Amino acid sequence: MPYVDGFVLAVPTANKDAFLEHARAGDAVFLEYGATRVLECWGDDVPHGRLTDFHRAVQASAEETVVFSWIEWPDKATRDEGMRRVMDDPRMAPENNPMPYDGRRLIYGGFVPILELRR
């Protein structure tokens, strides 16, 4: 069964190009270690809610854009091994691929798909 890692973060809007450079370098490592697909989605229509929303979740300021990303893996075992290898890879070290955002506000988690509809 496939497995998905999901991420929500706030990126300074002025750092969009730096974020893309960071993502291209890092996402290639995920693919190298078994991920089947990586999507980086720049917030375009992200409303502010009355009780909660993506902006509040990552404490995004008016100068930041919410980014929603995910990594698809063929299964959890591949993900667990792949993620271990990614975290050990020197290309992912902050000094080699610095984060152009505040990583302390990044939200992430692993998910088991329970429904998929396709056309």
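Summary of computed values
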quantity	calculated
Residue list for the range 64-95, filter: in a loop (DSSP other than H, G, I, E, B) and either closer than 19 Å to Leu39 by Cα or in contact with a Pro (Cβ under 6 Å, 6 or more places away or on another chain) (or both)	Pro74, Asp75
Phe19 vs. criteria touching a residue at least 24 places away in the same chain (Cβ under 8 Å) and part of a helix (DSSP H, G or I)	yes
Selection status of Ala77, surrounded by fewer than 16 Cβ atoms within 10 Å (Cβ to Cβ), over 15 Å from the mean Cα position of the chain (by Cα) and over 29 Å from Glu116 (Cβ atoms)	no
Residues within the range 21-69 that are open to solvent by 60 Å² or more (accessible area, probe 1.4 Å) and of a type in the set (A, V, I, L, M, F, W, C), tallied	6
Counted residues, the range 1-20 - those being open to solvent by less than 60 Å² (accessible area, probe 1.4 Å) and more than 13 Å from the chain's Cα centre (by Cα)	4
Members of the range 7-34 found to be over 19 Å from Ile107 (Cβ atoms) and of a type in the set (Phe, Trp, Tyr), listed by number	Tyr33
The one condition in (1) closer than 14 Å to Asp27 by Cα; (2) touching a residue at least 12 places away in the same chain (Cβ under 8 Å); (3) out of contact with any His (no Cβ under 8 Å at 6 or more places or on another chain); (4) not aromatic (Phe, Trp, Tyr) that Met99 fails to fulfil	(3)
Residue count, the range 54-81 (criterion: touching a residue at least 60 places away in the same chain (Cβ under 8 Å) and farther than 12 Å from Pro2 by Cα)	4
Exclusive hit being over 18 Å from Ala23 (Cα atoms), loosely packed, with under 14 Cβ neighbours inside 10 Å and charged (D, E, K, R), set Arg104, Arg118, Arg91	Arg118
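The values are calculated or read from the model by the stated rules, or taken from the named source; none is laboratory data. Nothing here was measured: the structure is a model prediction, and the numbers come from that model. As a convention, Cβ positions derive from the backbone with ideal geometry for all residues, glycine included, and neighbour counts pool all protein chains shown. Ligands, DNA and RNA are stripped out before the accessible areas are found, and what is left, the full protein with its side chains, is counted by its heavy atoms. Shrake-Rupley method; radii C 1.70, N 1.55, O 1.52, S 1.80 Å.
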